[in-house]
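Engineer: Below is one structure. I have some questions about it.
Bear in mind that the values in this text are calculations on the coordinates, not laboratory data. No experiment lies behind these values; they were computed from the predicted model shown. So basically every Cβ, Gly included, is an ideal-geometry build from the backbone, and we count neighbours across all protein chains shown.
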Amino acid sequence: MSAEPRINDRIRVPEVRLVGPSGEQVGIVPLAKALELAQEYDLDLVEVAANARPPVCKLMDYGKFKYESAMKAREARKNQAHTVIKEMKLRPKIDPHDYDTKKGHVVRFLKQGDKVKITIMFRGREQSRPELGYRLLQRLAEDVQELGFVESNPKQDGRNMIMVLGPHKKKTEAMAEARQAQAARKEAQRGAAPAETAEEPAEA
């Protein structure tokens with residue numbers, strides 16, 4: 001099935017239900033009459049509902065319509081949210097500095113609207129102390145609760161314990177906020193530039 005609608009002389013039916021350039025209903029007319037009106041308006045006759053009886057056709061500038069549709073599709077793709085799962089690995093006996101660093105990464109991922117899979121890796125005798133990993137995951141979840149929530153509770157998976165954090169903020173919201181912040185930074189830089197140049201003669 002072709003995605004392209006039939007237009008003008010590619011439409012091969014005896015009559016069509018015609019819609020005017022502004023969306024007004026013209027009614028059922030012979031195909032020849034519809035094509036004649038299209039020429040008068042300097043527009044295309046475009047089949048918009050091929051399965052209707054008779055098919056529905058509209059008078060429009062098909063080139064402009066295709067361009068605007070392509071632009072809308074491009075904008076929609078740009079704003080589309082792709083859910084990404086980031087992973088962060090920790091040891092049960094992590095030192096405070098490392099914990100803060102790893103927590104910082106988790107905070108950044110959640111702010112970006114991404115999910116985070118937290119993996120606690122047990123080695124040797126640590127495997128007999130799963131409560132250490134559980135407590136660490138609980139602590140991390142509490143530390144970032146303003147940005148995310150526990151989407152998948154901690155569970156043992158072989159030598160590892162895994163928990164998944166989901167962001168409170170949707171990916172699309174995070175992307176929109178990032179774009180706004182970027183625009184604000186550019187605006188601030190533009191505003192600061194004249195002030196710097198104005199001070200230069202005073203120094204000389």
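Engineer: So what's the angle, to the nearest 10 degrees on a 0 to 90 scale, between helix 130-143 and the longest Cα principal axis of the chain?
Structural biologist: Long axis of 130-143 versus the principal axis of the chain: about 60 degrees.
Engineer: As I understand it, the dipole of the stretch 1-137 uses +1 on the Cβ of Lys and Arg and -1 on the Cβ of Asp and Glu, about the Cα centre. Which of Q112, S69, A52 lies farthest toward its positive end?
Structural biologist: In the stretch 1-137, that residue is Q112.
Engineer: Amide H to amide H under 5 Å from F149: which residues, 5+ apart in sequence or cross-chain, H placed 1.01 Å off N in plane?
Structural biologist: Long-range HN contacts for F149: G166, H168.
Engineer: Among the trypsin sites (Lys or Arg not before Pro) in the stretch 105-148, which ones are in a DSSP loop with at most 12 other Cβ atoms within 10 Å of the Cβ? Mind listing them?
Structural biologist: Listed in order of number, the matching sites are R123.
Engineer: Another question about this same structure. As an exercise, identify the GluC sites (Glu not before Pro) in the stretch 98-169 lying in DSSP coil whose Cβ has no more than 15 other Cβ atoms within 10 Å.
Structural biologist: E146
Engineer: Between the helical axis of 31-41 and the dominant principal axis of the chain, each derived from Cα atoms, what acute angle in degrees is found, rounded to the nearest 10?
Structural biologist: 80 degrees
Engineer: Go ahead and set up a Gaussian network model of the chain, Cα springs under 10 Å, then flag whichever of Q189, Q156, Q127 fluctuates most.
Structural biologist: For the chain, modelled as a Gaussian network with Cα springs under 10 Å, the answer is Q189.
Engineer: I'd like the orientation of helix 171-203 relative to the chain: the angle between its Cα long axis and the longest Cα principal axis, in ° from 0 to 90, rounded to 10.
Structural biologist: Helix 171-203 and the main axis of the chain meet at about 80 degrees.
Engineer: Only loop residues by DSSP count here, and only those with at most 11 other Cβ atoms within 10 Å; note down the GluC sites (Glu not before Pro) in the stretch 1-90 that meet that.
Structural biologist: Passing sites in the stretch 1-90 are E24.
Engineer: Would you indicate which of [x] 16.3, 54; [y] 22.5, 79; [z] 30.4, 87 is the value of Rg and Dmax of the Cα atoms in Å derived from the coordinates of this structure?
Structural biologist: Step by step, Rg and Dmax of the Cα atoms in Å for this structure corresponds to label [z].
Engineer: If I build a Gaussian network model for the chain, linking alpha-carbon pairs within less than 10 angstrom, which residue out of S128, S152, S22 has the largest mean-square fluctuation?
Structural biologist: Among S128, S152, S22, the largest mean-square fluctuation in the Gaussian network model of the chain belongs to S22.
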